[in-house]
Amino acid sequence: MIEIACIDHIVLRTTQLKEMLDFYCGVLGCQIERQTPQDTGLTQLRAGTALIDLVSVDSKLGRMGGGAPTLSENNVDHFCLQLKTISEADIKAHLRSNGIEVGDFDDRYGAQGFGNSVYIQDPQGNVVELRSQI
């Protein structure tokens, strides 16, 4: 029987690599772990125990996936990032200080059961769910 332990990585195609790096590294605290040559177009970011792969649409790898994502034609519905212990107020303050629109937290069901989370958008329009751990 196959059992999934956790999310290994997600792949997001982008036309805004700099803005995506600013968001995922500068705002959410990921770090660049690996980059392939620019013509290949893959940047891998460490996100806890998982990776977020950013693929430039105009690269060799990106062209294999078709057209560019738009606000109405995203590649992913959303993905959820479990945060280390931090208050919801601190999460909101951090996001707002970085110019990120943030709404209210809601009780939602995820891999760890019910918990509070909030949805935000990255620069490419992908929905990112941030789940607080209090």
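Quick notes
- Listed by chain and number, the lysines whose C-alpha is less than 26 Å from the C-alpha of residue 92, apart from same-chain residues fewer than 8 away, are 18, 84.
- The chain, helix-only ellipticity at 222 nm - DSSP H runs n ≥ 4, -39,500 (n - 2.57), divided by all residues, nearest 500: -3500 deg cm²/dmol
- Across all Cα pairs in the chain, the calculated P(r) in 5 Å bins from zero up to the longest distance comes to 2, 9, 19, 22, 20, 14, 8, 4, 1, 0 percent per bin.
- What the Cβ-Cβ distance of residue 85 and residue 25 gives, at R0 = 35 Å and to the nearest 0.05, is a FRET efficiency of 0.95.
- Taking label points 7 Å from Cα along the Cα-to-Cβ direction, residue 73 and residue 34 give a separation of 3.1 nm.
- Summarising the strand pairing of the chain, around 65 percent of its internal DSSP beta bridges are antiparallel.
- Residues residue 3 and residue 101, FRET efficiency given R0 of 41 Å [Cβ-Cβ distance, rounded to 0.05]: 0.65
- Cα shape, region 2-78, gyration tensor, a/c 1.5 rule: rounded
- Per-residue packing, averaged as other Cβ atoms within 10 Å, sorts the ranges 107-115, 76-84 into the order 76-84, 107-115, beginning with the highest.
- Taking the C-alpha atoms only, the angle from helix 88-97 to the longest principal axis of the chain is near 40 degrees.
Any read-out appearing in this document is the output of simple, stated calculations on the displayed coordinates, not a laboratory observation. Predicted, not measured: the structure shown is a model, and the values here were computed from it. Neighbour counts are summed over all protein chains in view; Cβ atoms, including those assigned to glycine, are modelled from backbone coordinates with ideal geometry.
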